[in-house]
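Novice: Before I ask anything, here is the structure I am working with.
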Amino acid sequence: MVRTEVRPESMARITTKELADQFIVEQVAEIRAQVGQKKVLLALSGGVDSSVVAALLIKAIGKQLVCVHVNHGLMRKGESEQVLETFGNEMDAELIYVDATDRFLDKLAGVSDPETKRKIIGGEFIEVFNDEAKKLYEGGDLDFLAQGTIYPDIIESRNGIKAHHNDGGLPEGMKVELVEPLKLLFKDEVRVVGEALGLPHAMVYRQPFPGPGLGVRCLGAITRDRLHALREADAILREEFDNCGLAQSVWQYFIAVPDMKSVGVKDEKRYEGWPAIIRAVNTTDAMTATVEEIPYAVLHKITARITAEVDGINRVLYDLTPKPTGTIEWE
Ligand code: XMP
């Protein structure tokens, strides 16, 4: 579906809490008028856009919003838990949690081609989400689908750059109307609105995370033990970036773990392990990127912690390649 909406030139840029509050009041009224007493479904990944849509809809229609959080087993450490805590507990949302880890990892077993991995993850996600949508629809309990579409998605769709990322599609024959309260906002405005809605700062300002998650950072064919090592090493990197302030300034930073081992030594014994590769880049548009100059003291600390705390990792490497020639992700 090619999108044709145009943001009116008269629309003020939302840069302050006051402007965000005003936007929220207007949207709450609009959403209530559109939805009435009906139910709305939302795939809640925990990313910035879907989180802000969820918070806005909870404010407008409370439990008429049904959120589905699919854990594909490729989330970063603590991420699904954060979604459950923020939306399930603190905001008391109607939240369906689907732990589909086994389903995804079984399908991905032995698959090493990056694009095939992406297709499997994307396809499986739609299936799992649609299973939930079908249940609600057949129970007569679903009339609307909310999406975290933002204005850059509309622009890219309009210019034929890419199909809208939320274009996965619902099962055939299911007729629902879209609710897209952020569709005329830019990312920075979405963040201001998110903070005004009371979402945690870390959630609203989190770094970009690809849809296929850790699946494209656990290089080659994913195994559960290597995925576990990657998740733990990535959590240490994030913690140390938080501690030294880099988390606020670096655009995207993460660990990738390749499907290869090298010889090392631990406790005076031969110790074969995987390397953890640090990637930390800055960019404005993700088309090109430069490498962050992480201070050596921070690199040494991260290396010491990862090799001591993460089973299976015996080396830490620092990727110094800008984009081009490297892409930001390794797959
Ligand atoms: P690359 O690796 O192409 O990444 O330099 C540019 C930006 O896009 C993100 N990325 C993805 N996001 N699905 C996504 O939703 C994907 O398959 C995907 N691949 C890369 C990447 O994290 C970076 O921010």
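Novice: Return the total of residues in the stretch 317-331 being away from the ligand (no atom under 16 Å from the Cβ) and either in contact (Cβ under 8 Å) with a residue 60 or more places away in the chain or farther than 20 Å from ALA297 by Cα (or both).
Specialist: First, pick out the residues of the stretch 317-331 that are away from the ligand (no atom under 16 Å from the Cβ): 317-318.
Okay, now just the ones that are also either in contact (Cβ under 8 Å) with a residue 60 or more places away in the chain or farther than 20 Å from ALA297 by Cα (or both), so none.
Going through the stretch 317-331 one residue at a time, the tally reaches 0.
Novice: Given the condition in a helix (DSSP H, G or I), touching a Leu at 6+ places or on another chain (Cβ under 9 Å) and within 16 Å of the ligand (Cβ to nearest atom), answer yes or no: does some residue in the stretch 233-243 qualify?
Specialist: The first filter runs over the stretch 233-243 and keeps only residues in a helix (DSSP H, G or I), leaving 233-243.
Right, trim to touching a Leu at 6+ places or on another chain (Cβ under 9 Å) and you get 234, 240.
Among the residues that remain, those that are also within 16 Å of the ligand (Cβ to nearest atom) are: 234.
There is at least one residue in the stretch 233-243 that is in a helix (DSSP H, G or I), touching a Leu at 6+ places or on another chain (Cβ under 9 Å) and within 16 Å of the ligand (Cβ to nearest atom).
Novice: List every residue pair whose Cβ atoms lie under 6 Å apart, where the two residues are 6 or more positions apart in sequence or sit on different chains, the first residue falls within the stretch 202-213 and is farther than 10 Å from GLU79 by Cβ and part of a loop (DSSP other than H, G, I, E, B), and the second residue, located anywhere, is near the ligand (Cβ under 9 Å from one of its atoms) and acidic (Asp, Glu).
Specialist: none
Novice: Let me ask something additional. Against the condition without any contact (Cβ under 8 Å) to a residue 40 or more places away in the chain, within 16 Å of the ligand (Cβ to nearest atom), outside the structural domain of LYS117 (by TED's automatic domain parsing) and of a type in the set (Val, Ile, Thr), how does THR284 come out, does it pass?
Specialist: Details: without any contact (Cβ under 8 Å) to a residue 40 or more places away in the chain: yes; within 16 Å of the ligand (Cβ to nearest atom): yes; outside the structural domain of LYS117 (by TED's automatic domain parsing): yes; of a type in the set (Val, Ile, Thr): yes.
Against the criterion (without any contact (Cβ under 8 Å) to a residue 40 or more places away in the chain, within 16 Å of the ligand (Cβ to nearest atom), outside the structural domain of LYS117 (by TED's automatic domain parsing) and of a type in the set (Val, Ile, Thr)), THR284 qualifies.
Novice: Quick one: is ALA256 within 12 Å of the ligand (Cβ to nearest atom), among the hydrophobic types (A, V, I, L, M, F, W, C) and over 21 Å from VAL48 (Cβ atoms)? Step through it out loud before you land on a result.
Specialist: Numbers: within 12 Å of the ligand (Cβ to nearest atom): yes; among the hydrophobic types (A, V, I, L, M, F, W, C): yes; over 21 Å from VAL48 (Cβ atoms): yes.
When the stated conditions are applied, ALA256 passes them.
Novice: Kindly indicate which of LEU214, LEU170, LEU185, LEU219 is more than 16 Å from the ligand (Cβ to nearest atom) and at pLDDT 95 or above.
Specialist: Working: LEU214 fails: more than 16 Å from the ligand (Cβ to nearest atom); LEU170 fails: at pLDDT 95 or above; LEU219 fails: more than 16 Å from the ligand (Cβ to nearest atom).
Sole residue among the options that is more than 16 Å from the ligand (Cβ to nearest atom) and at pLDDT 95 or above: LEU185.
Novice: Ok, one more. Restricting attention to the stretch 188-201, report how many residues are outside any loop (DSSP other than H, G, I, E, B), at pLDDT 95 or above and within 19 Å of the chain's Cα centre (by Cα). Give the steps one after another, and end with the answer.
Specialist: First pass over the stretch 188-201, keeping only residues outside any loop (DSSP other than H, G, I, E, B): 188-196, 201.
Filter again for at pLDDT 95 or above, leaving 188-196.
From the residues that got through so far, the ones that are within 19 Å of the chain's Cα centre (by Cα) too are 188-195.
Adding up the residues that qualify gives 8.
Novice: Separate question: List the strands (runs of 3 or more DSSP E) inside the stretch 75-181, counting only whole elements, that have at least 2 residues being in the same structural domain as LEU65 (by TED's automatic domain parsing) and exposed (fewer than 13 other Cβ atoms within 10 Å of the Cβ). Don't jump to the end; show me each part of the working.
Specialist: On the way: elements: 94-99, 144-146, 177-179.
Once the strands (runs of 3 or more DSSP E) in the stretch 75-181 are filtered for at least 2 residues that are in the same structural domain as LEU65 (by TED's automatic domain parsing) and exposed (fewer than 13 other Cβ atoms within 10 Å of the Cβ), nothing remains.
Novice: Continuing with this model, one more query. Just one of ARG238, ARG191, ARG226 is farther than 27 Å from MET287 by Cα and of a type in the set (D, E, K, R); which is it?
Specialist: Values: ARG238 fails: farther than 27 Å from MET287 by Cα; ARG191 fails: farther than 27 Å from MET287 by Cα.
From the options ARG238, ARG191, ARG226, the qualifying one is ARG226.
Novice: Ok, one more. Which of the residues spanning the stretch 223-270 are among the β-branched types (Val, Ile, Thr) and closer than 18 Å to PRO212 by Cα?
Specialist: Kept after step one, since they are among the β-branched types (Val, Ile, Thr), are these residues of the stretch 223-270: 223, 236, 250, 255, 257, 263, 265.
THR223, ILE255, VAL257, listed by residue number.
Table: residues versus (1) surrounded by 13 or more Cβ atoms within 10 Å (Cβ to Cβ); (2) among the polar types (S, T, N, Q); (3) modelled with pLDDT of 95 or more.
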{"residue": "TYR253", "(1), (2), (3)": "yes, no, yes"}
{"residue": "GLU272", "(1), (2), (3)": "no, no, yes"}
{"residue": "PRO275", "(1), (2), (3)": "yes, no, yes"}
{"residue": "ASN282", "(1), (2), (3)": "yes, yes, yes"}
{"residue": "ALA286", "(1), (2), (3)": "yes, no, no"}
{"residue": "THR290", "(1), (2), (3)": "no, yes, yes"}
{"residue": "HIS300", "(1), (2), (3)": "no, no, yes"}
{"residue": "ILE306", "(1), (2), (3)": "yes, no, yes"}
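Novice: So, ALA304, is that one of a type outside the set (D, E, K, R) and in a strand (DSSP E or B) or not?
Specialist: Details: of a type outside the set (D, E, K, R): yes; in a strand (DSSP E or B): no.
Against the criterion (of a type outside the set (D, E, K, R) and in a strand (DSSP E or B)), ALA304 does not qualify.
Novice: Which numbered condition in (1) out of contact with any helix residue (DSSP H, G or I) (no Cβ under 6 Å at 6 or more places or on another chain); (2) under 20 Å from ILE126 (Cα atoms) is the only one that HIS72 fails?
Specialist: So the condition that HIS72 fails would be (1).
Novice: Also, quick follow-up: For the stretch 208-227, which residues satisfy the criterion of being surrounded by 15 or more Cβ atoms within 10 Å (Cβ to Cβ) and either within 18 Å of the chain's Cα centre (by Cα) or on the phi > 0 side of the Ramachandran plot (or both)? Quick ask: steps written out before the conclusion?
Specialist: Initially, the stretch 208-227 is screened for residues surrounded by 15 or more Cβ atoms within 10 Å (Cβ to Cβ), giving 209-220, 222-223, 226-227.
Within the stretch 208-227, PHE209, PRO210, GLY211, PRO212, GLY213, LEU214, GLY215, VAL216, ARG217, CYS218, GLY220, LEU227 meet the criteria.
Novice: Any idea which of (1) surrounded by fewer than 17 Cβ atoms within 10 Å (Cβ to Cβ); (2) of a type in the set (Gly, Ala, Ser); (3) touching a helix residue (DSSP H, G or I) at 6+ places or on another chain (Cβ under 7 Å) is the one ALA29 doesn't satisfy?
Specialist: With respect to (1) surrounded by fewer than 17 Cβ atoms within 10 Å (Cβ to Cβ); (2) of a type in the set (Gly, Ala, Ser); (3) touching a helix residue (DSSP H, G or I) at 6+ places or on another chain (Cβ under 7 Å), ALA29 is out only on (3).
Novice: Related question: Being hydrophobic (A, V, I, L, M, F, W, C), surrounded by fewer than 13 Cβ atoms within 10 Å (Cβ to Cβ) and either in the same structural domain as LYS187 (by TED's automatic domain parsing) or more than 15 Å from the ligand (Cβ to nearest atom) (or both) is true for just one of VAL204, VAL265. Which residue is that? I'd like the intermediate steps shown before the answer.
Specialist: Details: VAL204 fails: surrounded by fewer than 13 Cβ atoms within 10 Å (Cβ to Cβ).
VAL265 is the lone residue from the list that is hydrophobic (A, V, I, L, M, F, W, C), surrounded by fewer than 13 Cβ atoms within 10 Å (Cβ to Cβ) and either in the same structural domain as LYS187 (by TED's automatic domain parsing) or more than 15 Å from the ligand (Cβ to nearest atom) (or both).
The values are calculated or read from the model by the stated rules, or taken from the named source; none is laboratory data. What you see is a predicted model, and the numbers here were worked out from it, not measured in a lab. Neighbour counts run over all protein chains shown; Cβ positions are idealised from the backbone, glycine included.
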